[in-house]
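First up is the structure itself, then whatever we jot down about it.
The values are calculated or read from the model by the stated rules, or taken from the named source; none is laboratory data. Since we're looking at a predicted model, the values are computed, not measured. Counting neighbours? That spans all protein chains shown, and the Cβs are built from the backbone with ideal geometry, glycine included.
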Amino acid sequence: MPRQPRLDAPDALHHVMVRGLERRVIFRDDRDRADFVARLAALAEGGAWTVYAWAVLPNHAHLLVRTGTRPLARSMRSLLTGYAGAFNRRHQRVGHLFQNRYKSVVVEEDPYLLELVRYLHLNPLRAQVVPDLRKLDRYPWTGHSALLGTVPRPWQATQTVLGYFGPRRRAWHAYRAFVADGIPRGRRPDLQGGGLLRSLGGWAVVQRLRRGREAYLGDERVLGSSEFVEALRRTVAAAEAPRRALEPLVVRVCRHVGLPREALGGGAAGTPSSRPAPASPISGSRSSAIPAGPWPPSSACSPRPFPRPPGGARSKRTCGGGSWRRPGRNVRTQRPPDQQRPPDQRPPDRPATPTGSTATPSCRNAGGCCLR
């Protein structure tokens, strides 16, 4: 079954995941991590997206970003392609670095923003990259340290997240307590994918809800309620629909330049572009590149004598405007006097083509055509 296209819309919140090919390590040292984070920061400072949370693990990475007018695919292409090229050059490797394409889930903000911030920032602790929460507070390769102020990240939207917890000083303590409360919860399958399927606990719950009075709509590319999924689909459909038909634009252009509409063809009946081309006598198909009539045309081959080079080389003939034999191929090179053969051992010169002849001795086609 083919994969569905990604959902994207202006001002949408995305949980993005990238993983190494065959789950291999894609961040070997701090220099690789710093390069990836620098590229992420450059896109944030350039207005491509707003970064709320992020985490860099040895073989994968998580991002929680909000896109602006720039599509998510364009920003991710810039991030991943640039990093993969730098990684390959630095470690002297070739080939793909990431597994398949990145995964993105559109997230409903109100119920899931803070949950995803906590889930993403606890990834190093669950993967045992850091031993405890105190080490995580100063771990530089997540956005958690930026939210606590231990590692400055001016490009990260820390004030937006801390604003949910109150004033600045109290917000730091409230946020850290919120993160500590999520440690016993472990992995959260309901936050790893999208749609009603995972946010409500699986297919069994979805089937029970669908048998009820309410009709729920789920999409695995979305993490949110059925109303949010339907609203997002309408937004995406409106953005992808063509804003203006092509035919009125063509008519306006023709009127502006002073041409009739039929001059552009366009596939309408009776236009020059819709007239059938003559059939080719070789393949039987119609093609406008091969004229109808006897083959070969009388003007296809015409003698065009070149200046006779030294050594007795024959004149050349051209077919279709080009030379059928590379000029100078049979031109004899003059040897030095000490390397010349005696007169009795030299091969006889071949006779030149008579002037005005329409055929050459090597031509095998009737009518003097040199086509092979």
Exercise for the section: For residue 220, work out the one condition from (1) modelled with pLDDT of 60 or more; (2) outside the structural domain of residue 124 (by TED's automatic domain parsing); (3) part of a helix (DSSP H, G or I); (4) surrounded by fewer than 16 Cβ atoms within 10 Å (Cβ to Cβ) it doesn't fulfil. Expected result: (3)
Practice task
Evaluate the range 108-118: report whether one residue or more is in a loop (DSSP other than H, G, I, E, B) and within 25 Å of residue 44 (Cβ to Cβ).
Solution key: yes
Exercise for the section: Within the range 1-18, identify whether any single residue is among the acidic types (Asp, Glu) and either more than 23 Å from the chain's Cα centre (by Cα) or not in a loop (DSSP other than H, G, I, E, B) (or both), and answer yes or no. Expected result: no
Exercise for the section: Collect the residues in the range 44-59 that are buried (at least 16 other Cβ atoms within 10 Å of the Cβ) and either of a type in the set (Gly, Ala, Ser) or in a strand (DSSP E or B) (or both), keeping them in residue-number order. Expected result: 44, 48, 49, 50, 51, 52, 53, 54, 55, 56
Fill in the blank from the handout: If we ask which residues in the range 21-43 are under 21 Å from the mean Cα position of the chain (by Cα), surrounded by 19 or more Cβ atoms within 10 Å (Cβ to Cβ) and either within 20 Å of residue 123 (Cβ to Cβ) or among the polar types (S, T, N, Q) (or both), their number turns out to be 3
